[in-house]
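Enquirer: Input: one structure, supplied below.
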Amino acid sequence: MVCVFPSMVMAFTDYLKGQNDYLRQFLGYENTYLNHLLNLEIPPTNLSCDSCSSFEARFRCLDCYGRRWLCQGCLIDCHIHHPFHRPQQWKDGSFENVSLCDLGYVFKLGHLSSSRSCPEDDDMFGDRRMTVIHVNGIFEHCVRFCKCLGANSEHLQLFNHRLFSSSFDRPETAFTLDVLEYYGIDSMECKTSAQSFFQKLRRVTNNAFPDDVPVRYNCHLFYSILLLIFNNRTDTTS
């Protein structure tokens, strides 16, 4: 009873606290959080790669869990199954966003089976730079399609990896099924228009210069697909 009573008093006291009480409590930790936030933007004194320990580490990825510093090769290896992460490079005293594609990452479609690889995986001929739109922004990727005898058409290879291509003949733009589903929910709950949603993705990609995101020529296609999904959702829920 002696142990339970103080806990009950504390719970009741927290229940009586208002918004201003919690704000005043935070002010006591303001400088502490600020110092920790600034420390997160400083590279470690030892810049050796956390994975191989052989090369200088200049890269980090905030989308990955934990604070890891990696060299370029280990960064690519760690992101084989994470093509929609946005790594950063320590350069000239600050962090700079970099593209996995520019660092040498190849989006390999190949076979669906994880137990065997595509015999043409090492054949760089025919790689295509594509725009891929995901929930966290717009990406440029070098896509390597399966060229084996009897392989599915390119748009089906993309769809089997949950990517909806913009065309059925030599696609150059694809949308993840996640971003299409996300827009469906966003439009229903937040009444977001297709244009506003697209502009949001551009700003997520480059908040400082959203107009520099090179997908303007795909706007009308993107709007059409989003509106189609929105209309289908409206028909099924009505």
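The values are calculated or read from the model by the stated rules, or taken from the named source; none is laboratory data. All of these numbers come straight from a predicted model, not from anything done at the bench. Here the Cβ is made from the backbone with ideal geometry for all residues, glycine too, and neighbour counts use every protein chain on show.
Enquirer: Which residues, counting only those in segment 165-198, are in a helix (DSSP H, G or I) and acidic (Asp, Glu)?
Expert: Once the filter is applied, which keeps residues that are in a helix (DSSP H, G or I) and acidic (Asp, Glu), segment 165-198 yields ASP178, GLU181, ASP186, GLU189.
Enquirer: Something else: Please state which of the following conditions PHE168 fails to meet, knowing it meets all the rest: (1) closer than 26 Å to VAL106 by Cα; (2) more than 17 Å from the chain's Cα centre (by Cα); (3) of a type in the set (A, V, I, L, M, F, W, C); (4) surrounded by 13 or more Cβ atoms within 10 Å (Cβ to Cβ).
Expert: Status for PHE168: all satisfied but (4).
Enquirer: Please pick out the residue among CYS61, CYS52, CYS74 that is crowded, with 17+ Cβ neighbours inside 10 Å and more than 22 Å from ILE138 (Cβ to Cβ).
Expert: CYS74
Enquirer: Return the pair list, or none, for Cβ contacts closer than 8 Å from residues in segment 63-74 that are of a type in the set (S, T, N, Q) to residues that are at pLDDT 90 or above, at least 6 apart or on different chains.
Expert: Here the result reads GLN72/ARG58; GLN72/PHE59; GLN72/LEU103; GLN72/GLY104, each pair linking segment 63-74 to a residue that is at pLDDT 90 or above.
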